[in-house]
Amino acid sequence: RKFNKPLVLHCVKAHGPVLDILAQESFTGIVHGFSGSFEVAERYVHLGYKISVGRGIFSKGYKGLKESVKRLPLEALLIESDSSHGDQEHPDKILQKVAETVAEIRSVPVEKVFEVTRQTANEVFKFG
């Protein structure tokens, strides 16, 4: 709050308690590396959070994430590479693959995914 920055959440298997806390607060931000269900994603979005999508989108499983990407408004999504120092793939390639997979799931051009998520990131992080 002091620095007027968005909250960046990384939550694994504790969405219920986190959502209960957030419902009592007035923060906004992103849910980094989201992999939960559509219903959970929808609750975060209702509270003003964006859902950030990473490698899980092109991995086996992650049905809830894929359903969220399909059903949420594109403006509710961000894309991320979530790469680490030891990765074999360059972060740009990971990000491209995430965007392509989101585009495929949503049946939209990849350029649209980049355009909308870039605009959303600019709004959330006040880049522009």
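The values are calculated or read from the model by the stated rules, or taken from the named source; none is laboratory data. Computed from a predicted structure; not experimentally measured. As a convention, Cβ positions derive from the backbone with ideal geometry for all residues, glycine included, and neighbour counts pool all protein chains shown. When the accessible area is computed, the model is the full protein with side chains, heavy atoms only, and any ligands, DNA or RNA have been set aside. Shrake-Rupley method; radii C 1.70, N 1.55, O 1.52, S 1.80 Å.
Below is a table of values for the structure above.
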read-out: Segment GLU104-VAL8, extension gain: residue separation times 0.36 nm, minus the distance between their alpha carbons; value: 31.9 nm
read-out: Accessible-area composition of segment 1-121, carbon plus sulfur, in percent [1.4 Å probe]; value: 51 percent
read-out: Unit Cα scatterers, Debye sum, the chain: log10 I(q)/I(0) for q = 0.15, 0.17 Å⁻¹; value: -0.68, -0.88
read-out: Extreme residue, positive dipole direction of the chain, given options HIS15, LEU95, HIS32 (C-beta unit charges); value: HIS15
read-out: Rel. contact order, % - alpha carbon contacts under 8 angstrom, at least six apart, segment 81-126; value: 22 percent
read-out: Distance violations [Cα-Cα > 26 Å] among LYS60/LYS93; LYS5/LYS60; LYS60/LYS126; LYS70/LYS97; value: LYS5/LYS60; LYS60/LYS126
read-out: Computed magnitude of the charge dipole of the chain (debye, nearest 20; Cβ of K, R +1, Cβ of D, E -1); value: 160 debye
read-out: Length-normalised contact order of the chain in % [C-alpha pairs under 8 Å, at least 6 apart]; value: 21 percent
read-out: Modelled FRET efficiency - R0 35 Å, ARG1 with GLU39, Cβ distances, 0.05 increments; value: 0.80
read-out: Reachable lysines, given that their alpha-carbon falls under 16 Å from the alpha-carbon of LYS13 and they are not under 8 places away in the same chain; value: LYS63
read-out: Degrees, to the nearest 10: 91-106 long Cα axis against longest axis of the chain; value: 80 degrees
read-out: Considering only the chain, percent of DSSP beta bridges that pair antiparallel, nearest 5; value: 0 percent
read-out: Efficiency of FRET between GLU89 and PHE114 - r from beta-carbon atoms, R0 22 angstrom, step 0.05; value: 0.75
read-out: Heavy-atom surface of segment 5-107, accessible at 1.4 Å and reported per residue (Å²); value: 57 Å²
